[in-house]
Amino acid sequence: MSVSDFGTDLNVEYDESSADINNESSDMATVTGLENLYQAVQNRLLTPIGTLPLHPNYGSRLSTLIGEGNNPLIETAVKMMVVEALQPEDRIAYIRNIDVSFVRSTGIINVIVDIVSIYSSELQVSLTVGV
């Protein structure tokens, strides 16, 4: 088994308020290997749980915390929701660390997740919730 076993998917690019399939050329761009795992983690965490009718358990509850402010309980809730959302991802061996920071003036939550894959590859996924 190797990192290439993480699969291939369409390349999705995120901006401040949306996600779009990257197709700068006429062909659809793809991601493979660790890039695919990075994108899968990002997709799972940024998709509100219950919004995909055919996959009602896919996603996270992070969007429910937007605007809740900066306090230790919210930080703990973010960490629990990240672990809960990533539990079904069988390409992840374990989560090494989750850092949470807040932008008080906007209610934005910044999350950095350090992951170790089943092939011992390390990956750091950064995302912003609440834009």
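The values are calculated or read from the model by the stated rules, or taken from the named source; none is laboratory data. Bear in mind that the values here come from a model prediction, so they are computed numbers and not experimental data. Cβ coordinates were reconstructed from backbone atoms using ideal geometry, including for glycine residues, and neighbour counts include every protein chain displayed.
Looking at segment 90-109, which of its residues are of a type outside the set (Lys, Arg) and loosely packed, with under 15 Cβ neighbours inside 10 Å?
Asp90, Ala93, Tyr94, Asn97, Asp99, Ser101, Val103, Ser105, Thr106
Looking only at segment 56-91, filter to residues that are polar (S, T, N, Q), in contact (Cβ under 8 Å) with a residue 24 or more places away in the chain and not in a loop (DSSP other than H, G, I, E, B); which one of those is nearest to Leu37 (Cα to Cα)?
Out of the qualifying residues, it is Ser60.
Out of segment 111-131, which residues are farther than 21 Å from Leu62 by Cα and outside any strand (DSSP E or B)?
Ile118, Tyr119, Ser120, Ser121
Pairs needed: first member in segment 107-131, farther than 22 Å from Pro48 by Cα; second member anywhere, surrounded by 15 or more Cβ atoms within 10 Å (Cβ to Cβ) and aromatic (Phe, Trp, Tyr); C-beta distance under 7 Å; at least 6 residues apart or different chains.
Leu123/Tyr38
Against the condition at pLDDT below 90, surrounded by fewer than 16 Cβ atoms within 10 Å (Cβ to Cβ) and either aliphatic (A, V, I, L, M) or under 14 Å from the mean Cα position of the chain (by Cα) (or both), how does Val83 come out, does it pass?
No; evaluated as a whole, the condition is false for this residue.
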